[in-house]
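Read the structure below first, then the notes.
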Amino acid sequence: RAAMPKAPAVIGTLEEARAAVRHCTRCDLCRHATQAVFGEGPAGARLMVVGEQPGDQEDLAGRPFVGPAGKVLDEVMQASGLDRGRAWMTNAVKHFKFTPRGKRRIHQSPDKGEVAACKWWLDLERDFVKPQLTLGLGATAAQALTGTGAGITRRRGTVEDTSSGPVLLSWHPSYILRLPDAGRAAEARAELAEDLALARKLLA
Ligand code: URA
């Protein structure tokens, strides 16, 4: 392994951060991912949406939430009256973690060390964007945003105060897609919609 990452040059803007994250070696995920996927949206967004990490399609496209989970999120956001184009969309971890299986790349959840290493970038995004509300999707986002990823079942739909502002937690759309039971999946999707409607209300 090469030497530890150089301390980043002073990063004064989101665009400088986007350029700098391309060279990030804070953890080993940079070794196999295609590219770092930084957040996107208006610099002064009032809502920040934080997922887990880029998936297969995001890794190739270099943009967050453009694959199947993004499609669910787009649909539910739209149905809840939230405009994705006005939100800062990002992930707790900026590189895709996977294991190769034949031609496919199978998603693996980032571990706590990887989440902790990448929090540097998430904190930077939060400092620059200063969202009024941050929506954390799933356990990894909860871990990065609040310090604990446990207990999403009882925490979802509630707002937690953190040193960088209020955080509303909900289900991750990939979790909904993976639920084997169609009835439970529909229920979880309705709960995500409920939480997004609460986000809209809180921002009104
Ligand atoms: N899942 C995530 O958490 N983020 C993405 O960008 C895509 C899928």
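The values are calculated or read from the model by the stated rules, or taken from the named source; none is laboratory data. Every value quoted in this text rests on a predicted model; they were computed, and no experiment measured them. Note that each Cβ is placed from the backbone with ideal geometry, even for glycine, and that neighbours are counted across all protein chains shown. Ligands, DNA and RNA are stripped out before the accessible areas are found, and what is left, the full protein with its side chains, is counted by its heavy atoms. Shrake-Rupley method; radii C 1.70, N 1.55, O 1.52, S 1.80 Å.
Taking the Cα centre of region 14-203 as origin, work out the dipole magnitude from +1 charges on Lys and Arg Cβ and -1 charges on Asp and Glu Cβ, in debye rounded to 20. The calculation lands at about 340 debye. A straight chain from THR34 to GLU194 at 0.36 nm per residue would run longer than the Cα-Cα distance by 54.1 nm. Centre-to-centre separation between the Cα atoms of region 38-110 and those of region 164-198: 15 Å. Summary value for region 99-199: 22 percent relative contact order, contacts being C-alpha pairs under 8 angstrom separated by 6+ residues.
The count of lysine pairs in the chain that are at least 8 places apart or cross chains, and whose C-alpha atoms lie under 17 Å apart, stands at 6. Using Cα pairs closer than 8 Å and at least 6 residues apart in sequence, work out the relative contact order for region 33-183, in percent. It comes to 26 percent, rounded to a whole number. Heavy-atom accessible area with a 1.4 Å probe sorts LYS94, LYS119, LYS71, largest first, into LYS71, LYS119, LYS94. A simple spin-label model places the labels of LEU177 and GLU160 2.5 nm from each other, with each point 7 Å out along Cα-to-Cβ.
Summarising the strand pairing of the chain, around 45 percent of its internal DSSP beta bridges are antiparallel. Of the solvent-accessible surface of the chain, computed with a 1.4 Å probe and all protein chains present, 53% belongs to carbon and sulfur. In the context of the full set of protein chains, residues of the chain present 50 Å² of accessible surface per residue (probe radius 1.4 Å, heavy atoms only). To the nearest 10, the accessible area of ARG84 is 40 Å² with a 1.4 Å probe. Which one, ALA17, LEU60, PRO42, projects farthest toward the positive side of the charge dipole computed for region 1-100 from Cβ point charges (K/R +1, D/E -1)? Selected residue: ALA17.
The alpha carbons of region 2-90 occupy a box of 47, 28, 16 Å along the principal axes, longest dimension given first.
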